[in-house]
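Where a number appears in this text, it was derived from the coordinates with a stated rule and is not lab data. No experiment lies behind these values; they were computed from the predicted model shown. Counting neighbours? That spans all protein chains shown, and the Cβs are built from the backbone with ideal geometry, glycine included.
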């Protein structure tokens, strides 16, 4: 008997959750791993008294503004670096050096600079998004098929026209790949910054649950955070699908979605 | 002589921005444009770097951080690459695990770190296990795509020429998948360092993350910058090392954009 692939996809997750639930009910799981049904019920509890909504709104605001600022700046500077050697030579060594530094290391500095409110988190998230997005955009422009550019030049296209109508569209898939990595960085930074010193947001929700020994609340926060990250990625991929209509057909990238 | 000058010129052109920025930094501090408590002068950062390197504090924390990052990274590479190969070869394994890796890839796994501290304790094991998890995803996904992207023609040709199965794996499939494997490793290496420092900042009494956190709360920003410099240098050196290894292993792949 052959099980269809679509069913096989679900086997591992369902078995894990079912086993977790079963062992949890039987009292065989440690206290810090409450059963999935308990987590779901405390999610509803949090949602009912509005605490979840406020936390999600706060976190979303921080991550969205930070991501847009950082990705915007990274894309612009990256496109510039790919086109103009001078810009490239200025930013390359800086990025090579700072890329592997966890941007959260700048948290003490950013806290002093921007205060304890939203601004320090937003600035840190934007700062951390900038690097992967910059690298992807810079590589994308350099990797554009030279024939396309020569052809455009040959047909008398102005430099600006070549840039906006040939280079940017050709680089677009890579730009989205960079934005996607940037989004992942944004959520990591959001979590770390919120956990280490923030009022409001999902991070404090998780640590409050932990401190109070309410592990169901802690997991409710963790699940919310994971779902937000996943949704953000789905939205970005949907936008990408709209922008790149027809460009990804038949490529391996389709598989990675 | 002219060649040498040109070479020196090219190096200046490629690296000038770091000294330039340091110069602006120093100028901003000396002129009193920025508060020196927030942005200590280069001299004070260098003094902190030298002092804490001399008394062994920075080397100790650096060794702790690098050991943890290396362990998490190495475990993820050792487990992830064979697993990716198994996923590429067996339809059953692929169907069982592909959704977990592709669907779970964008999920911010950092949220699970509190759980890790309960399961593995607060010291090194939870951090290594977490770095393992964070590295595993890019390594498996990229290596898997690398294995799947191998042109079937290559395997057919080898079979046609009578190569036994073992030779096909060792001499055709693994080398052809190497670029994908190395891309995954290169994505995972900075992630390992980032994750370890991050989790050390959240809670530990050792490692560079702890050093940064404790210096930050004491307003010793010269030490924060000194640690940032150390991490940057480590990441840079390790990345260059990985590139060298890639060039040595993939000696047939010259000067392509992807190799840089």
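Relative contact order for chain A: what is it in percent, counting Cα pairs under 8 Å that are at least 6 residues apart?
23 percent
At residue B:148 and residue B:242, where each label point lies 7 Å from the Cα along Cα→Cβ, what is the point-to-point distance in nanometres?
About 2.2 nm separates the two model spin labels.
Taking the Cα-to-Cβ direction at residue A:6 and at residue B:90 and moving 7 Å from each Cα, how far apart do the two end points lie in nm?
Rounded to a tenth, the inter-label distance reads 2.5 nm.
Given axes a ≥ b ≥ c from the Cα gyration tensor, I'd like to know whether the range A:1-147 is rounded (a/c under 1.5), prolate (a/b larger than b/c) or oblate.
Judged from the Cα gyration tensor, the range A:1-147 comes out oblate (a/c at least 1.5, b/c at or above a/b).
With a cut-off of 8 Å between alpha carbons and a minimum separation of six or more residues, what is the relative contact order of chain B in percent?
Relative contact order comes out at 23 percent.
Can you give the angle from 0 to 90° between the axis of helix B:57-89 and the longest principal axis of chain B, with both taken from C-alpha atoms, to the nearest 10?
20 degrees
Can you tell me the 0 to 90 degree angle between the C-alpha axis of helix B:174-202 and the longest principal axis of chain B, rounded to 10?
Rounded to the nearest ten degrees, it is 30.
Using mean Cβ contacts within 10 Å as the protection proxy, how do A:75-84, A:148-157 order, highest first?
A:75-84, A:148-157
Among A:125-132, B:170-177, how do they line up by average Cβ neighbours within 10 Å per residue, starting with the highest?
Ranking, from highest mean packing down: A:125-132, B:170-177.
How high is the relative contact order of the range B:45-185? Use alpha-carbon pairs under 8 Å, at least six apart in sequence, and give a whole percent.
29 percent
Translational diffusion coefficient, Stokes-Einstein: compute it for the protein assembly as shown using the Kirkwood radius over C-alpha pairs as Rh, at 4 °C and 1.567 mPa s, and state it as an integer in µm² s⁻¹.
Estimated diffusion coefficient is 52 µm²/s.
Over the Cα atoms of chain A, each weighted equally, I'd like the Debye log10 I(q)/I(0) at q = 0.08, 0.14, 0.15 Å⁻¹, rounded to two decimals.
-0.44, -1.05, -1.12
From the square roots a ≥ b ≥ c of the eigenvalues of the alpha-carbon gyration tensor of chain B, which class results: rounded (a/c under 1.5), prolate (a/b over b/c), or oblate?
oblate
Pairing the Cα long axis of helix B:124-148 with the longest principal axis of chain B, what angle in degrees results, from 0 to 90 and rounded to the nearest 10?
Tilt relative to chain B: about 40 degrees.
Mark the label point 7 Å from the Cα of residue A:163 along Cα→Cβ and return the residues of the range A:79-114 whose backbone N is within less than 19 Å of it.
A:79-92
Can you give the helix-only mean residue ellipticity at 222 nm for the protein assembly as shown, where every DSSP H stretch with n ≥ 4 adds -39500 (n - 2.57) and the sum goes over all residues, rounded to the nearest 500 deg cm²/dmol?
Estimated from H runs of four or more residues: -25500 deg cm²/dmol.
How many angstrom separate the Cα center of the range B:168-187 from the Cα center of the range B:205-235?
For the range B:168-187 versus the range B:205-235, the Cα centre distance is 36 Å.
In a solvent-free Debye calculation with one equal scatterer on each Cα, what is log10 I(q)/I(0) for the range B:61-100 at q = 0.30 Å⁻¹, listed in the order of the q values?
-0.91
Which whole-angstrom value gives the distance between the alpha carbon centres of the range A:87-132 and the range A:142-193?
So the two Cα centres are separated by 22 Å.
Using Cα centres only, tell me the gap between the range A:11-66 and the range B:121-158 in whole Å.
Taking the Cα centre of the range B:121-158 as reference, the centre of the range A:11-66 is 28 Å away.
For the range B:95-160, state the semi-axes of the equivalent ellipsoid (square roots of 5 times the eigenvalues of the alpha-carbon gyration tensor), sorted largest first and rounded to whole angstrom.
35, 13, 8
Assuming a ≥ b ≥ c are the square roots of the Cα gyration tensor eigenvalues, decide whether the range B:34-187 counts as rounded (a/c under 1.5), prolate (otherwise, with a/b larger than b/c) or oblate.
Prolate, since a/c reaches 1.5 and a/b exceeds b/c.
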